Every structure is written in structure tokens, then in C-alpha cells.
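Take a look at the structure set out below.
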Amino acid sequence: MTEGAESGLVVLTGLAIPRSELEYRATRAGGAGGQHVNTSSTRIELLWNVQASRVLTEDQRERIAAKLAARITADGSVRVVASERRSQQQNRKAADERLATLVRGALAVRRKRKPTRPGKAAIERRLNEKKRNSERKRRRSGPAED
């Protein structure tokens with residue numbers, strides 16, 4: 001998301017992934033694009049090893065591992081790919097933003113649901129509907145006629 005010279009990739013206030021922990025790979029992008037796509041390596045693959053990261057607390061590491069389990073490789077890295085843009089630099093920024101968004105989402109703590117009870121009007125509506133259905137079914141099973 002936001003970049004700083006010494007801070008690295010800022011994910012949340014107080015949490016920035018150092019650039020030294022991020023591994024970028026440039027490869028040729030597939031799909032449409034004509035001659036340009038066949039000659040330039042603009043697709044960016046961004047890898048960040050969650051298990052080896054120095055900036056995460058153990059709680060954060062566990063939360064990310066649980067929420068992003070499907071995206072974490074065998075060695076504990078999160079992999080993000082960006083290949084939509086024509087320039088490597090733009091794809092690098094897009095990959096940075098995606099990683100920051102992924103990690104931010106994984107670290108978000110959902111508020112616990114506060115159980116509520118139905119109001120009097122809702123209870124009344126439900127009981128009236130049950131009476132109507134009961135009456136409807138009772139009328140169906142009337143005496144059999146020849």
C-alpha cells in the first residue's frame with residue numbers, strides 16, 4: 001500500500017513488512033497483448049514468508065496462517081501475482097497493494113455477535129402465521145366425499 005524508504009510495505013499503523021522480507025520475481029505474462037507480452041517480463045510474483053517474518057507477533061502469525069491457509073505455500077510463504085498492467089513497476093505496486101490488503105484482512109478481528117431476542121411484534125406475526133397455516137392444513141383434510 002504505502003511505501004517508505006526504511007519502513008517497507010505498510011500494512012497497518014504500526015505494522016510494516018520490511019522490503020528485505022519480500023521476494024519479487026518477474027516473468028512473462030500470458031494472454032493477450034501482442035508482441036509486447038512476448039518480449040517483456042512484466043508479470044510480478046510477490047512472495048512473503050509469514051513463518052520467518054520478524055515483524056509479526058506469534059498471535060498475528062497464527063491469525064494469518066489460519067485465515068490465509070489456502071494461499072500459504074509449504075514453506076510458509078504467501079504468494080501474490082499481478083500481471084494486469086503493461087509495466088513491471090505498475091504490477092509491482094499492484095502486488096504490494098494486494099499483499100497489504102490480504103494481510104490487513106487476515107489480521108482484522110471480527111466483533112463478537114451480540115445475541116438479540118425477537119420483539120413482541122415479530123413474535124405476534126410468527127404466531128399468527130402459524131395459526132393461518134394450521135387452519136389452511138386443517139381445512140384440506142376435511143371429510144371425504146363419494
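Every read-out reported here was derived from the displayed coordinates using simple, explicitly stated rules and does not represent laboratory data. In this text the structure is predicted, and so the values were computed from the model without any measurement.
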> If the chain between ARG126 and SER87 were fully stretched, how many nm would it gain, using 0.36 nm times the residue separation less the Cα-Cα distance?
Replying inline: 8.1 nm
> In straight Cα distance, which lysines are under 17 Å from LYS120, not counting same-chain residues fewer than 8 positions off?
Replying inline: LYS130, LYS131
> Under a 5 Å amide H to amide H cut-off, with H placed in plane at 1.01 Å, what residues pair with VAL11 once short-range neighbours are removed?
Replying inline: ALA16, ILE17
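Normalised by the residues of the chain, what does the relative contact order come to in percent, with Cα pairs under 8 Å and at least six apart?
It comes to 20 percent, rounded to a whole number.
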> Among all the lysines, which ones have a C-alpha under 24 Å from LYS67's C-alpha, if same-chain residues fewer than 8 places away are not counted?
Replying inline: LYS93, LYS112, LYS114
>> Could you derive backbone 3J(HN,Hα) for segment 94-108 from the dihedral phi with the Karplus parameters 6.51, -1.76 and 1.60 (θ = phi - 60°), listing whole Hz in sequence and x where the residue is Gly or Pro?
In response: 5, 5, 4, 5, 5, 4, 4, 5, 4, 5, 4, x, 5, 8, 5
